[in-house]
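Bear in mind that the values in this text are calculations on the coordinates, not laboratory data. Because the structure is a prediction, the values reported are computed rather than measured. Using ideal geometry, Cβ is built from the backbone for each residue, glycine included, and neighbour counts are taken over all protein chains shown.
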Amino acid sequence: MKKKVINMTVKQLALFSTVALCGSLVACSGSPKPAVEPAAAPAAPAAPARVVADMNDPVNRYSYALGMDLGKAVSNINVPLNMKLVMDAISDQVDSTRPALLTDSVAEVALQELLLKMQAKKDADAKAAAQKTLDEQAQFLAKNIMDTTVKVTPKGVQYKILKDAEGISPKAEDKVLVHYVGALLDGTEFDNSVKRGEPLEFPVGAVIEGWQDLLQVMKEGQKVKAWIPSALAYGEEGVSSIIPGNSMLVFEVELLKVNVTNPEPAPAAEAKPAEVPAEKPAEGAAAAPATEPAPAAQPAKAEAKKTEAKPSKSDSKKK
């Protein structure tokens, strides 16, 4: 019967199918295996001592290497397996004289069923772990707030000042330069700008809500230790395997610099009236005060001239 490789969505199962179609990994048996195991199996005899093959032989070496890959893939499957049937199926695929117990189409459906069970188990485990993390977070925050040195931001980030300063506080539109160390509640560190020797610059409004809330109550030059609840961080989703769902984040943050994006304009100074200099008086003349207007010229009074009457010639003759 022609065998085909089933296209799986899980890497381990893809490897499982590929190896099953490869060369002989397990010694073949001469008789087909029953579809159903007997109800009462006899006690298994003691296993014979293991004979170690010569790994200098290249065939032995790559044969064992393929078996290692298969074993790793199977060990990552998180649902129960019947390992005897797994080994039997490998033998059946390698030995063309042994009929397979399932057709290719039935095997494909069975593997899809396995995928669904694996995903359901993974989801259930993640949900249980997330709830456990959420419970631990609530217990920690309730105890931590009893410390009189711990403060709380408006949205619920708890923080303690490690180094105080009197600089300015950033706003959401400003950029900041910070050093930070990030860890989970159990101390698992996931990021550290101090170790890298490179502080990070970013807009306050571009980071998680808990950071935004924390930075706007800090002052330039301050260093704090902060506990950011998961609701103000990455929530139920988390960040892949680095930050599990419902994880509270513990940060040490040092606010090195605040770069104000839109500084408020300084108030305009009151304009003073310009002083007009007094005209320079002519040389030899007395200078009049700059504020004292020159007196207006008085019009000259015309003096009436008296005209004396002269005697006429006729008058002189009479005398």
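Miscellaneous remarks
- Modelled FRET efficiency - R0 22 Å, Phe190 with Asp125, Cβ distances, 0.05 increments: 0.60
- Shown in residue order for the stretch 191-196 are the 3J(HN,Hα) couplings computed by the Karplus curve 6.51 cos²θ - 1.76 cosθ + 1.60 at θ = phi - 60°: 7, 7, 6, 5, 5, 6 Hz (x for Gly and Pro).
- Residues of the stretch 60-86 with amide N under 18 Å of the 7 Å Cα→Cβ point at Lys117: 73-86
- Basic side chains Lys and Arg get +1 at the Cβ, acidic Asp and Glu get -1 at the Cβ, and with that the dipole of the stretch 70-126 about its Cα centre reaches some 220 debye.
- Environment charge of Ser247, counting only residues whose C-beta is closer than 12 Å and scoring Lys/Arg +1, Asp/Glu -1: -3
- A simple rule links phi to the HN-Hα coupling: the Karplus curve 6.51 cos²θ - 1.76 cosθ + 1.60 with θ = phi - 60°, which for the stretch 60-73 gives 4, 5, 6, 5, 5, 4, 5, x, 4, 4, 4, x, 4, 5 Hz, with x for Gly and Pro.
- Peptides 169-177, 142-150, 220-228, ordered by how many other C-beta atoms sit within 10 Å of their residues on average, highest first, read 220-228, 169-177, 142-150.
- Put in line by how crowded their Cβ is, counting other Cβ atoms within 10 Å and starting with the fewest, Leu249, Leu232 read Leu232, Leu249.
- Whole-number Å³ per residue for the convex hull built on Cα positions in the stretch 151-259: 97 Å³
- Amide H contacts under 5 Å for Thr261: Asp174, Lys175, restricted to partners 5 or more places along the chain or on a different chain, H placed in the peptide plane at 1.01 Å from N.
- Backbone phi angles across the stretch 228-237, fed through the Karplus curve with coefficients 6.51, -1.76 and 1.60 (θ = phi - 60°), yield HN-Hα couplings of 9, x, 4, 5, 9, 10, 10, x, 6, 6 Hz in residue order; Gly and Pro are listed as x.
- Amide H contacts of Leu162: Lys223, Val224, Lys225, each under 5 Å away and 5 or more positions distant or on a separate chain (H built 1.01 Å from N in the peptide plane; Pro and chain starts excluded).
- Shown for Arg61, Arg196, Arg98, Arg50: other C-beta atoms within 10 Å of each C-beta, ranked fewest to most, produce the order Arg50, Arg196, Arg61, Arg98.
- Proximal charge balance of Gly156 [Cβ under 13 Å; K/R count +1, D/E count -1]: 0
- Extending 7 Å from Cα along the Cβ direction at Val260 and again at Leu81 yields two label points whose distance is 6.5 nm.
- The Cβ shell under 10 Å around Ile77 holds other residues with a net charge of +2, Lys and Arg each +1, Asp and Glu each -1.
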